[in-house]
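**Student:** Quick one: this structure, given as C-alpha cells, is what I'll be asking you about.
No value in this document is a laboratory result; all are computed from the given coordinates. This structure is a prediction, so every number in the text was calculated from the model and none was measured. Here the Cβ positions follow ideal geometry from the backbone for every residue, glycine too, while neighbour counts run over all protein chains shown.
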Amino acid sequence: MSVAEGVNAQQDETLLLVATGARETKINIPQAMALMRDVSVELSELADFLGVTENTVRNLFNRLESHKILRSESGEVRLTGFGHMVAREQQHALDELKATMLSKFASSEAWPAILRALRTEPLHGNELADTCDISRRTRREVCNNFVQRDWVAYKDGQYQLLPLGESKLSVYEGFKDAMTLISQKKDFVLRLDDLAQEFPTAALRETDMATGTLSEPHAVLTLLEEESDTDAGSLRGVQQVFSPQFVEEYDSLIPEGKEIELVIDKSVFRKATKVRNLHYLRRAHKFDNFHTLIHPENLSVGFGIFGDERALVGAYSEEEPYNAAIVGSNEVLVDWVTQKYEEVRKESQTPTERFWSWLFPG
C-alpha cells in the first residue's frame with residue numbers, strides 16, 4: 001500500500017467511525033462531543049450522563065483517540081482541534097439526517113451509489129444494479145427502502161430520484177467532502193486547539209499546508225518565504241513565536257518599501273527586547289514603512305495577510321511537535337484571517353516614540 005493509499009484508508013476509517021460509532025456502541029457521539037467542547041470531562045462522568053458503562057465509553061474513546069479526535073490525560077478527555085471540526089460537521093449532517101441514515105450512507109456503498117446513478121436519468125432495476133455494480137438483491141432491498149422514505153419513485157418499471165432523495169444525498173456528500181478536507185489538513189487543524197470551533201471548514205479549500213518536522217523544522221518559514229516573494233504591496237501579520245529566521249524574513253522585505261504592520265504577542269516582545277535581539281527592532285524602527293504593535297497576551301495562532309488577496313494561518317500547540325500553517329487565496333480564508341487580525345489588532349498597542357527612545361537611547 002502506498003503512502004497516499006494509506007492516508008485515504010485512514011480518512012475512510014475516520015469517516016466510518018464517526019458516522020457509525022453511535023449505532024455500534026449505543027452512544028450519542030455528538031452529545032458526548034458537545035460536552036467536551038469547552039472543558040475536559042472525566043470518563044466516569046460521561047458514562048453516567050450517557051447511561052452506559054465506563055468500559056463502553058473507554059473502548060470507543062480509545063478508537064477516537066487513535067484518530068486524534070480526542071485527547072486523554074489523567075482520566076479526563078477533551079476534543080482536539082481536529083475533533084472540534086469533526087464534531088461540528090457531524091452535527092451539521094445530523095441536523096438533516098437521522099443517525100441511522102448517516103450510518104447507512106457511510107457503511108453501505110449501495111446507498112449513495114444508487115442515488116447518484118439516478119441523478120442522471122431514471123433507470124430500470126437491472127440497469128441500476130449494473131451501473132452501481134451491485135447484486136439484484138441489494139438493489140431491490142435498497143430501492144424498496146428509498147421508495148418507502150419518498151426518496152425514490154418507482155414508475156413505469158423505472159426508478160426515479162425525488163427531491164427529498166436528492167436533498168439527503170447532498171447532505172451526506174457535503175459531510176463526506178468536509179471530512180475529507182479536514183482530514184487532509186489534519187496536521188494544521190490539530191494545532192488550532194479550541195480555535196477550531198470557529199474556524200470555517202471552507203477556509204481549508206485550495207490551500208497549501210506546511211508542517212514542521214524533525215528533518216524540516218522550518219517548513220512553515222519556507223512557506224512564508226514563498227509568499228513573501230509575491231508582488232503584494234503590503235503585509236500584515238501576527239507573530240506568536242519568536243524566531244530569528246522569521247525576523248530576518250521580514251527584515252529583508254522592509255527596504256523593498258512594502259508596507260508592513262506586525263503585531264507581536266507578549267512572549268515575542270519579551271524575547272525581541274533582550275539585548276542579543278534588540279538589533280532586529282532597532283533596524284526595523286528606522287523605516288517608515290514598518291509598524292509594530294504589541295499584544296498584551298500570549299497567542300497560539302499567527303496570521304499573515306499579503307495585500308488583500310492571500311492569507312496565511314500558522315498554529316502551534318503544546319500537544320503537537322513543531323508548528324503548521326496553511327496559505328491560500330480562497331475568499332473564506334482571507335475574510336476570516338482579516339477579521340481575526342483586526343480583532344487582535346484592536347487589543348494591541350502601538351508603542352509611543354517615548355517608548356522607542358527609552359528602548360534605543362541615543
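**Student:** Report the calculated FRET efficiency for ASN289 and ASP177 (r = Cβ-Cβ distance, R0 = 45 Å), to the nearest 0.05. All intermediate terms of the calculation are to be shown ahead of the outcome.
**Tutor:** On the way: r = 42 Å, r/R0 = 0.94.
FRET efficiency, ASN289 to ASP177: 0.60.
**Student:** Something else now. Spin-label point model (7 Å from Cα, Cβ direction): what's the ARG282 to LYS346 distance in nm?
**Tutor:** 3.8
**Student:** Compute the distance from the alpha-carbon center of segment 175-241 to that of segment 283-362, in whole Å.
**Tutor:** That distance is 15 Å.
**Student:** Would you compute, from DSSP H runs of 4+ residues alone, the mean residue ellipticity of the chain at 222 nm, taking -39500 (n - 2.57) per run and dividing by the full residue count, rounded to the nearest 500?
**Tutor:** Working: 17 runs with 191 residues, N = 362.
-16000 deg cm²/dmol, from helical runs alone.
**Student:** May I have the convex hull volume per residue, in Å³, for the Cα set of segment 190-345? Can you show the working numbers first?
**Tutor:** Values: hull volume 17.3 nm³, N = 156.
Per residue, the Cα convex hull of segment 190-345 comes to 111 Å³.
**Student:** Okay, moving on. Treat each spin label as a single point 7 Å out from the Cα along the C-beta direction, and report the LYS274 to THR120 distance in nm.
**Tutor:** So the label points at LYS274 and THR120 sit 6.5 nm apart.
**Student:** Run through every distinct alpha carbon pair of segment 44-118 and return the Kirkwood hydrodynamic radius in angstroms, one decimal place.
**Tutor:** Working: mean 1/r = 0.0696 Å⁻¹.
Roughly 14.4 Å, rounded to one decimal.
**Student:** Can you pull the one-decimal nm distance between simple spin-label points at SER74 and GLU297, each 7 Å off the Cα toward Cβ?
**Tutor:** Reported label-point gap for SER74 and GLU297 is 2.2 nm.
**Student:** From the C-alpha coordinates alone, can you work out the Kirkwood hydrodynamic radius of segment 311-357, in Å? Working shown, then result.
**Tutor:** On the way: mean 1/r = 0.0760 Å⁻¹.
Hydrodynamic radius (Kirkwood, Cα pairs) of segment 311-357 is 13.2 Å.
**Student:** Would you please calculate the Kirkwood hydrodynamic radius of segment 253-317 over all C-alpha pairs and express it in Å, rounded to one decimal? Walk me through the intermediate numbers first.
**Tutor:** Details: mean 1/r = 0.0760 Å⁻¹.
Value: 13.2 Å, from the Cα pair sum.
**Student:** Can you give me the convex hull volume of the Cα atoms of segment 108-172, divided per residue and expressed in Å³?
**Tutor:** Numbers: hull volume 4.7 nm³, N = 65.
It comes to 72 Å³ per residue, whole-number rounded.
**Student:** Full-extension gain between GLU54 and ALA153, please, as 0.36 nm times their residue separation minus the C-alpha to C-alpha distance.
**Tutor:** Extending this stretch completely gives an extra 31.1 nm.
**Student:** Further, regarding this structure: Report, in listed order, any pair from LYS68/LYS104; LYS104/LYS186; LYS186/LYS258; LYS186/LYS274 with a Cα-Cα distance greater than 27 Å. If you can, show how the numbers build up before the last one.
**Tutor:** On the way: LYS68/LYS104 24 Å; LYS104/LYS186 25 Å; LYS186/LYS258 33 Å; LYS186/LYS274 36 Å.
Checking Cα-Cα distances, LYS186/LYS258; LYS186/LYS274 exceed 27 Å.
**Student:** First measure r as the distance between the Cβ atoms of THR138 and SER215, then evaluate 1/(1 + (r/R0)^6) with R0 = 35 Å and state the FRET efficiency to the nearest 0.05. Walk me through the numbers before you get to the answer.
**Tutor:** Values: r = 48 Å, r/R0 = 1.37.
Efficiency computed from Cβ-Cβ geometry: 0.15.
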